[in-house]
Amino acid sequence: MEDKLAIHGGTKVKQTPFGSGSRFGVDEVKQLAEALEQNTLFYHSGRKVKQFLEDFNALYGISYSVAVSSGTAAIHTALGAAGITVGDEVITSPITDQGTLVGILYQNAIPVFADLEPHTYNLDPRSIQSRITSRTKAIVVVHLAGNPCDMDPIMEIARKHRLIVIEDCAQSYLTRYKGRLTGTIGDYGCFSTNDFKHISTGDGGIVTVNSGLEEDYYTVHAFADKNYRRFGDQVMKDLTYLAPNYRMTELQGAVGIAQLKKLPWICKRRNRYGDRITAGISGLKGILPHHVEGGNTCTYWFYMLRIEEKQFKCTREEFSKALISEGVPNSAGYIPMPVYMQPLFQQRTAYRGSHFPFELSSTSYEEGSCPTAEQILKTAIRIPVNEFYTESDIDDIIKAVRKVAIHYSI
Ligand SMILES: *Cc1c(COP(=O)(O)O)cnc(C)c1O
């Protein structure tokens, strides 16, 4: 006999609280105290932001990166340093945080949305190819939820059409594509250390400079610092180009040093837990697990499965509610709709009282323009995964999904 669902008065699967823990500890406190003892919190005078970047570069095996004030700032900085400007088209993903898009529009460039692969939720290279025009200058790939995009064909398309590739790694720390770390494959990799990501400095971000050229490093650095060019004791303040102030402070750098030490453990646990959920729910009728291509490593910022509604006697919303009743928190869907359905794109109003830069472009933001992305958001169930969860928490998540799926199966 099948178990009675908790939503119908049965016993719920999850009987113990989820594992939890403290993200910050004595190491962060020690680093912060040292930062204050320096008697300066300015990144160029102190040691903390510099150490944070040195540690990050060592972890990633790269020569150059720049610290900034957020993930949004990181992407804007990469675009600005790459010379993306008025009327340029930038191809990106319709399922992302709006931070991916802000920098594109501040450069007065035009976001163009390509469709996604149905099971990795990442950009489909064939769709990218179909969106290329004579105005295309860059691709901002989003490695959603810690799962890498299919970078080989994307880099091949970029080389063929001479496009800049920026990797949005805000959700994908220590993610590997065929063994290579995401954020080191395109021209620039952009990370966020906001409070919701794998590691937190309150707010903050990092841009990797993958050409390995010192000159490119200085260009990125200048774009994040009002075009001040600081080399050792020298400061060049000549204002050649416009650039915002996206500097990171020593307090953020200090916390970042301590957080980076925990990052490999955090990613290892998330990778293990996400892959275990997939193994536990694979083969269930109507359940489409979060797919990771063979040879890749996903560090699950969250776990997102899809359901095939025609295989169930319930809707996606009912499935989600039944799972909550079993004691497994989840949400029906991720963002409510693809980003191009937001008023900013529908009304073409990036700036109050203006339609610039949209009026330079004939790009369409119609419903239906990325059908797979729209389907993903209508059928997804997102389950949080956390490094503090225990192995038995993962067992319970699997049990609950199986119980609900089997109950509602037609
Ligand atoms: C969080 C996030 C951003 C923006 O990062 P902030 O630090 O909040 O500015 C950009 N892209 C994606 C995919 C994100 O998840």
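Just so you know, all these numbers are worked out from the coordinates, no wet-lab data involved. Fair warning: this is a prediction, and the values are worked out from it, not measured in the lab. Here the Cβ positions follow ideal geometry from the backbone for every residue, glycine too, while neighbour counts run over all protein chains shown.
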Distant-in-sequence amide H partners of Ser63 (H built 1.01 Å from N, under 5 Å): none
Please state, as a whole number in µm²/s, the translational diffusion coefficient that the Stokes-Einstein equation yields for the chain at 37 °C and 0.692 mPa s, with Rh defined as the Kirkwood radius across alpha carbon pairs. 147
With each pseudo-label sitting 7 Å past Cα toward Cβ, what's the Arg272-Asp233 distance in nm, one decimal? 5.1
What nm distance separates the two modelled labels at Lys226 and Tyr241, each placed 7 Å from Cα along Cα→Cβ? 1.9
Calculated from backbone phi, Karplus (6.51, -1.76, 1.60) coupling profile of the stretch 58-75 in Hz, x at Gly/Pro: 5, 4, 8, x, 10, 9, 9, 8, 10, 8, 9, 8, 6, x, 4, 4, 4, 5
Cleavage-rule hits (chymotrypsin sites (Phe, Trp or Tyr not before Pro)) in the stretch 193-268: DSSP loop, at most 14 neighbouring Cβ within 10 angstrom: Phe196, Tyr241
Once both label points are put 7 Å beyond Cα along the C-beta direction, the Glu359-Arg162 separation in nm becomes 3.0
For helix 316-325, what angle does its Cα long axis make with the longest principal axis of the chain, in degrees from 0 to 90 and rounded to 10? 80
Antiparallel bridges, percent of DSSP beta bridges restricted to the chain (to nearest 5): 60
Show me the chymotrypsin sites (Phe, Trp or Tyr not before Pro) within the stretch 320-393 that DSSP assigns to loop and that have at most 16 other Cβ atoms within 10 Å of their Cβ. Tyr351, Phe388
Chain lengthening between Ser409 and Gln129 when straightened (0.36 nm per residue, less Cα-Cα): 96.9 nm
5 angstrom amide H check on Ile110, placed H, neighbours 5+ away: Gly87, Asp88, Glu89, Val90
Within the set Pro17, Pro357, Pro118, GNM on the chain using Cα springs under 10 Å gives the largest fluctuation to Pro17
Identify the GluC sites (Glu not before Pro) of the stretch 282-375 meeting these criteria: DSSP loop state and at most 11 other C-beta atoms within 10 Å of the C-beta. Glu366
Could you give the length gained by full extension between Val29 and Ile335, i.e. 0.36 nm per residue of separation minus their alpha carbon distance, to one decimal place? 106.7 nm
Which one, Ser70, Asn122, Thr96, projects farthest toward the positive side of the charge dipole computed for the stretch 40-146 from Cβ point charges (K/R +1, D/E -1)? Ser70
How many angstrom lie between the C-alpha centres of the stretch 342-396 and the stretch 62-128? 13
Please list the non-local residues whose amide H lies under 5 Å from the amide H of Val142, H modeled 1.01 Å from N, same-chain partners needing a gap of 5 or more. Ser93, Leu123, Asp168
Using Cα-Cα distances under 8 Å and only pairs 6 or more residues apart, what relative contact order does the chain have, in percent? 22
Give a residue-ordered list of calculated ³J(HN,Hα) values for the stretch 304-311 (Karplus: 6.51 cos²θ - 1.76 cosθ + 1.60, θ = phi - 60°; whole Hz; x for Gly, Pro). 10, 9, 10, 10, 8, 4, 5, 8
Express the relative contact order of the stretch 26-259 as a whole percentage, based on alpha carbon pairs under 8 Å and six or more residues apart in sequence. 27
Karplus couplings for the stretch 403-410 from phi (6.51 cos²θ - 1.76 cosθ + 1.60, θ = phi - 60°), rounded to Hz, Gly and Pro as x? 4, 5, 5, 5, 4, 8, 4, 8
Contact order normalised by length for the stretch 102-157, with contacts defined as Cα pairs under 8 Å and 6 or more residues apart; what percent is it? 31
Tell me what the chain gives for mean residue ellipticity at 222 nm when only DSSP H runs of n ≥ 4 count, each as -39,500 (n - 2.57), the sum divided by the residue total, rounded to 500 deg cm²/dmol. -11000 deg cm²/dmol
Per principal axis, largest first, the Cα atoms of the stretch 292-356 extend in Å by 49, 35, 24
Just the number: Rg to Rh for the stretch 26-259, Cα atoms, Kirkwood Rh, two decimals. 0.97
